[in-house]
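In what follows, a structure is listed as structure tokens, so that the remarks can point back to it.
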Amino acid sequence: MDKKKKKNYPLFKARMYIQACWTLITNSYASGFINGTIYQGNVKSICVPGLNCYSCPGAWGACPMGSLQNAFAGRVSGFPFYVVGTLITIGALCGRIVCGFLCPFGWIQDLFFKIPPKKKVRRLPGEKYLRKLRYVVLVVMCIILPLFAKGDIGVGSPWFCKWICPSGTMIGGLPLIALNENLRSVLGWLFTWKMFVLVVILVGSVLMFRPFCRYLCPLGAIYGLMNPVSLVRIKVSKSRCTSCGACQRACGLDIPVYKEPNSDDCIRCGKCITVCPHSALKMDASLRGRRKRRSAAREEA
Amino acid sequence: MRKRSIYTLVLLAVGLAFIVIGAVKGEANAVLQKAIMICMECIGLG
């Protein structure tokens with residue numbers, strides 16, 4: 001290995017700090033935490049990129065998944081252009097880099113993953129099929145049920161938020177219930193169920209890298225679909241890659257990055273890029289044509 | 001320009017166009033109206 005060519009990759013090494021800063025900045029409405037309420041200003045018409053519950057006392061923005069479900073549930077007449085447009089724009093720009101860097105619940109899972117034991121579970125039996133579950137969650141719980149299972153007044157429910165979303169329970173439910181006595185008085189079996197889901201996911205996060213993101217997250221499913229065509233992509237230098245598999249061994253999601261650099265499972269954490277002994281992987285955000293890239297590669301060589 | 005880059009640009013254009021259409025239709029306000037109320041479903045209360 002050429003020592004001179006080994007790069008430092010400060011962006012990926014600072015990932016945890018970026019996640020922490022983003023979570024704190026987007027959830028920094030202090031008055032909500034003091035009074036047990038939520039922010040009600042106009043900024044909340046803007047969707048944040050990650051799974052960030054709008055009922056978090058500190059949240060400045062709206063959750064894109066909650067907004068999408070509510071639009072399908074009947075709060076928007078016709079096709080929900082605004083929320084879908086936001087998701088497409090973010091996905092086309094950066095794909096699942098949002099999951100790796102800008103999702104509060106992704107950060108929480110990463111923190112839990114740091115808890116021992118050091119030996120973690122890499123895959124579950126039927127992993128390939130389990131990873132498709134997030135698409136089922138997206139289609140069934142975020143689109144079909146909110147769209148068609150409507151109540152007496154013609155408005156449906158955000159089914160994913162209601163039955164699964166651990167982000168809502170953790171950063172919305174727990175602080176609000178701790179701070180607001182009125183809400184505490186109406187706790188019921190649904191909250192018990194959501195706490196159960198949250199605990200299972202958090203315990204799972206200790207044993208395995210990002211279980212919620214890999215199996216259940218509908219937002220990750222949407223962004224993952226755009227991973228192969230997003231502006232920010234991982235590129236493999238065919239001249240440098242020896243298919244040694246170091247990237248796959250380092251990848252928490254066990255993705256063979258040298259074969260599938262833009263897999264829909266990839267959360268763009270950049271671990272593969274930092275460990276590649278031949279510097280064959282890089283994050284690229286250009287729209288350059290093949291000819292320009294070839295000349296750039298020649299210059300690099 | 002590669003085909004993939006064209007897809008990226010088309011997606012970006014569609015996404016931005018959808019945001020504008022949605023904003024003109026008043027959907028941003030619908031998002032706001034939901035987001036400023038405590039979401040009982042989200043926090044597990046019903």
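The table for this structure:
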quantity: Total accessible surface hidden between A and B, rounded to 100 Å², 1.4 Å probe; calculated: 3700
quantity: Chain B shape via C-alpha gyration tensor axes, a/c threshold 1.5; calculated: oblate
quantity: Net charge of Cβ neighbours under 15 Å - reference A:GLY188; Lys, Arg +1; Asp, Glu -1; calculated: +2
quantity: Sparse-neighbour loop sites [trypsin sites (Lys or Arg not before Pro); segment A:1-75; at most 13 other C-beta within 10 Å; DSSP]; calculated: A:LYS6, A:LYS7
quantity: Segment A:ALA250-A:VAL199, length gained on full extension (0.36 nm per residue, minus Cα span); calculated: 15.7 nm
quantity: 3J(HN,Hα) from dihedral phi, segment A:139-146, Karplus parametrisation 6.51/-1.76/1.60, rounded to Hz, x for glycine, proline; calculated: 6, 6, 7, 9, 10, 5, 5, x
quantity: Separation of the A:ILE153 and A:LEU11 label points, Cα + 7 Å toward Cβ, nm; calculated: 4.6
quantity: Top positive-direction residue, dipole computed over the protein assembly as shown with Cβ charges, set A:VAL197, A:ALA285, A:TYR54; calculated: A:ALA285
quantity: Spin-label proximity, A:ASN42 to segment B:4-29 - amide N less than 20 Å from point 7 Å beyond Cα toward beta carbon; calculated: B:19-29
quantity: Cα shape, segment A:10-226, gyration tensor, a/c 1.5 rule; calculated: rounded
quantity: Burial of 50 Å² or greater, segment A:144-175 residues [accessible area, probe 1.4 Å, versus chain by itself]; calculated: none
quantity: Integer Hz, Karplus 6.51/-1.76/1.60 couplings in order for segment A:60-77, x for Gly and Pro; calculated: 8, x, 9, 7, x, 6, x, 5, 5, 5, 5, 5, 5, 6, x, 7, 10, 7
quantity: Rounded percent of accessible protein surface that carbon and sulfur make up, chain A, 1.4 Å probe; calculated: 66
quantity: Over 19 Å (Cα to Cα) - which of A:LYS238/A:LYS259; A:LYS114/A:LYS282; A:LYS120/A:LYS235; A:LYS7/A:LYS259; A:LYS7/A:LYS235; A:LYS44/B:LYS34 fall in this group; calculated: A:LYS114/A:LYS282; A:LYS120/A:LYS235; A:LYS7/A:LYS259
quantity: Electrostatic dipole magnitude of segment A:137-231 [Cβ: Lys, Arg +1; Asp, Glu -1; Cα centre; debye, to 20]; calculated: 160
quantity: Accessible area (Å², per residue) of segment A:112-257, counting only protein heavy atoms and a probe of 1.4 Å; calculated: 48
quantity: Peptide A:86-93 - average C-beta neighbours from other chains (10 Å radius); calculated: 6
quantity: Separation in nanometres of the label points that stand 7 Å from Cα toward Cβ, at A:SER28 and A:LYS120; calculated: 2.9
quantity: Extension gain, A:ALA20 back to A:LEU187 (0.36 nm per residue minus Cα-Cα distance, nm); calculated: 57.1 nm
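The values are calculated or read from the model by the stated rules, or taken from the named source; none is laboratory data. Not measured: the values here are computed from a predicted model. With ideal geometry, Cβ positions are generated from the backbone for all residues, glycine too; neighbour counts draw on all protein chains shown. We work out accessible area using only protein heavy atoms, side chains counted, and drop any ligands, DNA or RNA first. Shrake-Rupley method; radii C 1.70, N 1.55, O 1.52, S 1.80 Å.
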